[in-house]
Amino acid sequence: MDIFRIQGGRPISGTVRVSGAKNAALPLMSATLLTEQPIRFVGAPTRLVDVQTMGRLLVSLGTEFTERRGGELVLTTPNVEETTAAYDLVRTMRASVLVLGPLLARCGQARVSMPGGCAIGSRPVDLHLKAMEALGARIDVEAGYVVARTPPGGLVGGRVVFEKITVGGTENALTAAALAKGETVIENAAREPEIVALAQLLRTMGVEIEGEGTHRILVQGQDRLEGCRFEVPPDRIEAGTLMCAGAIGRGSLTLTNCPVAHLEALVEKLREADCRVHTGSLSSEGIGELTIEAPFRPRAVDVMTGEYPGFPTDMQAQLMAVMSVAQGRSMMTERIFENRYLHASELIRMGADIHLEGRTATVRGVERLSGAPVTASDLRASASLVLAGLVAQGETVVRRIYHLDRGYENLEIKLTKLGAMVSRESE
């Protein structure tokens, strides 16, 4: 099992390119089950463990998986040979449930193991299942598997109303509706950039879609979808994590291929914390260059997580690391998941002053953290501990970084390029 060994106290400066987005790549990959023609992805984060796991899952269903240089993936599923997503593949990654919609739409049946993933609180799949039922599917749960079947004529367009905003549920509804007969209306849909990317892929494949990026999406199902080429958008959470590295590392950091348009909530908070953030030229999609300068100790800011375009829950742990060494007291409120402060106890081991009460964390900034052996509990918690290690005095050893490898591509290489002393070792 690998560990990160970090020697703290070095300024973080330089330029680094943001990789393709994990949270976009996984639903995009699952959508390739909807057609027998090849889908070519450019800029995919091929080294991520979750992307590799999704690839193995798709191969088990009949997909031909080809990886080329430069983050290019070609996925072709001429025939779906298996409609069961087995437990051994699904248990490690919650996004595996995203094959449910495409399998139902194309094959009329699906058997998907109840998903696993990070231990950050309850994330039930009942909203996914209700969406499939709204399109005519019959759902049963048997021995830990979701077993879904369509009527003889397949899925039929309908009205999907989510009682609570769900990103994965919206993604499954979109892919299921793509081959359903007639029009589907998705109400209270998630607005995340990853939803927009999936809708853009489906449109490129031939689906008529309106309203992505809003809470009401209209989908006109098609009889058959085409293959295409599609560029995976850059990862807003990786970009945000690197911005926090600049903020905590008191340097000057420039990100290229940065999804600036999707980082407004974080940029606002970092500017509030006395960091200087400015952008260069941007594409029509809001992608380009962003620079953060943090020559001084950051100022404490209050944060409340929320659905996009609010402050992302996936950035709460990283910003907590920054607030641990900020001037003043910050209040952090987690509104998405009820168990997402597992990193706090490890930050406290490093000298942070954090008090938890329910969904609120009170963080009183200290002048310095101390290096210590710490253990990651989930993907974003591991990033938080790495950030703390960058500024801590002495050596920090982060264990269980397999969590980190699920969502960050070559993070230790990127941080080393920026001046940090981070090494990957086998424990």
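Here is how the numbers come out for the structure above:
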item: Among (1) touching a strand residue (DSSP E or B) at 6+ places or on another chain (Cβ under 8 Å); (2) basic (Lys, Arg); (3) under 21 Å from GLY9 (Cα atoms) - the single one ARG250 does not satisfy; result: (1)
item: Filter result for GLU231 (free of Cβ contacts under 8 Å to residues at least 24 places away in the same chain, of a type outside the set (S, T, N, Q), surrounded by fewer than 19 Cβ atoms within 10 Å (Cβ to Cβ) and closer than 30 Å to LEU266 by Cβ); result: no
item: Scan of the range 158-204 for residues that are assigned to a loop (DSSP other than H, G, I, E, B), surrounded by 22 or more Cβ atoms within 10 Å (Cβ to Cβ) and small (Gly, Ala, Ser), ordered by number; result: ALA180, ALA189, ALA190
item: Residue match in the range 207-224 (condition: among the hydroxyl-bearing types (Ser, Thr, Tyr), touching a residue at least 24 places away in the same chain (Cβ under 8 Å) and not in a helix (DSSP H, G or I)); result: yes
item: Those residues of the range 330-380 which are among the hydrophobic types (A, V, I, L, M, F, W, C), in contact (Cβ under 8 Å) with a residue 60 or more places away in the chain and over 14 Å from GLN318 (Cα atoms), in sequence order; result: PHE337, LEU369
item: Among residues of the range 264-299, those that are among the hydrophobic types (A, V, I, L, M, F, W, C), assigned to a loop (DSSP other than H, G, I, E, B) and at pLDDT 95 or above, counted; result: 3
item: Number of positions in the range 401-423 that are in contact with a helix residue (DSSP H, G or I) (Cβ under 8 Å, 6 or more places away or on another chain), surrounded by fewer than 19 Cβ atoms within 10 Å (Cβ to Cβ) and more than 17 Å from GLY9 (Cβ to Cβ); result: 1
item: Those residues of the range 139-157 which are part of a loop (DSSP other than H, G, I, E, B) and over 13 Å from LEU129 (Cα atoms), in sequence order; result: ALA143, GLY144, PRO151, PRO152, GLY153, GLY154, LEU155, GLY157
item: Answer from ALA383, ALA372 - the residue that is buried (at least 24 other Cβ atoms within 10 Å of the Cβ) and either among the aliphatic types (A, V, I, L, M) or closer than 25 Å to ALA294 by Cβ (or both); result: ALA383
item: Single residue of THR291, THR279, THR241, THR254 found to be surrounded by 22 or more Cβ atoms within 10 Å (Cβ to Cβ), polar (S, T, N, Q) and touching a residue at least 12 places away in the same chain (Cβ under 8 Å); result: THR241
item: Test: residue in the range 70-85 that is closer than 21 Å to GLN222 by Cα and assigned to a helix (DSSP H, G or I); result: no
item: Residue in the range 300-314 that is out of contact with any strand residue (DSSP E or B) (no Cβ under 8 Å at 6 or more places or on another chain) and part of a helix (DSSP H, G or I) present; result: yes
item: Scope the range 30-59; condition buried (at least 24 other Cβ atoms within 10 Å of the Cβ), touching a residue at least 40 places away in the same chain (Cβ under 8 Å), part of a helix (DSSP H, G or I) and within 14 Å of the chain's Cα centre (by Cα); matching residues; result: MET54
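To keep it simple, each residue is scored yes or no on (1) within 22 Å of ILE165 (Cβ to Cβ); (2) touching a His at 6+ places or on another chain (Cβ under 7 Å); (3) at pLDDT below 95.
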position	(1), (2), (3)
TYR87	no, no, yes
SER113	no, no, yes
GLY117	yes, no, yes
GLY121	yes, no, yes
ASP126	yes, no, yes
ALA134	yes, no, no
ALA137	yes, no, no
VAL141	no, no, yes
TYR145	no, no, yes
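The values are calculated or read from the model by the stated rules, or taken from the named source; none is laboratory data. Here the structure is a predicted model, which is why all the values come from computation and not from measurement. So basically every Cβ, Gly included, is an ideal-geometry build from the backbone, and we count neighbours across all protein chains shown.
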